[in-house]
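Visitor: Structure incoming, see below.
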Amino acid sequence: MGEKGGDEKGKGHHRKIENAVQMKEINKGDWNACRIVAKGNHFQFFINRKRSSEFTDKLEGRQLRKGFIGLQLHDKGMVVEYKDLFLKNG
């Protein structure tokens, strides 16, 4: 499972994800399949069909119901490419 619990300041409690994706399962220099599932305030992230992270946004009143989707990378010197993006509602 992912994050469970938390406090009013948004600081959550963390636990290890069972059977999570391992670094050796990520294709370096090749394509990886990424999937994001967002249902209400619950989010799951998968890499090559294995869960990499999960959390529930419990910050009442500060959650976004609509807006933009941003794809970004924060690691200096790394390259990221995207292809075959699909959005599904429901």
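The values are calculated or read from the model by the stated rules, or taken from the named source; none is laboratory data. These figures come from a predicted structure and were not determined experimentally. Here the Cβ positions follow ideal geometry from the backbone for every residue, glycine too, while neighbour counts run over all protein chains shown.
Visitor: Please work out if residue 66 is at pLDDT 90 or above, more than 16 Å from the chain's Cα centre (by Cα) and not aromatic (Phe, Trp, Tyr).
Guide: For residue 66, the condition - at pLDDT 90 or above, more than 16 Å from the chain's Cα centre (by Cα) and not aromatic (Phe, Trp, Tyr) - is not met.
Visitor: Looking only at residues in segment 1-31 that are modelled with pLDDT of 60 or more and either of a type in the set (Gly, Ala, Ser) or within 25 Å of residue 61 (Cα to Cα) (or both), which one is nearest to the chain's Cα centre (by Cα)?
Guide: Here the residue is 20.
Visitor: If I filter segment 24-60 down to residues being touching a residue at least 40 places away in the same chain (Cβ under 8 Å) and surrounded by fewer than 13 Cβ atoms within 10 Å (Cβ to Cβ), which single residue comes out as farthest from residue 83 (Cα to Cα)?
Guide: Here the residue is 59.
Visitor: Pairs only if they're at least six apart or on different chains, beta carbon under 7 angstrom, first in segment 63-90 and under 21 Å from residue 41 (Cβ atoms), second of a type in the set (D, E, K, R) and part of a loop (DSSP other than H, G, I, E, B); list them, first residue then second.
Guide: Cβ pairs passing all conditions: 63/57.
Visitor: Keeping to segment 32-50, report how many residues are within 16 Å of residue 16 (Cβ to Cβ) and under 9 Å from the mean Cα position of the chain (by Cα).
Guide: Selection size over segment 32-50: 2.
Visitor: Tell me which residues, restricted to segment 44-90, are closer than 23 Å to residue 27 by Cβ and in contact with a strand residue (DSSP E or B) (Cβ under 7 Å, 6 or more places away or on another chain).
Guide: Within segment 44-90, 44, 45, 46, 47, 51, 52, 53, 54 meet the criteria.
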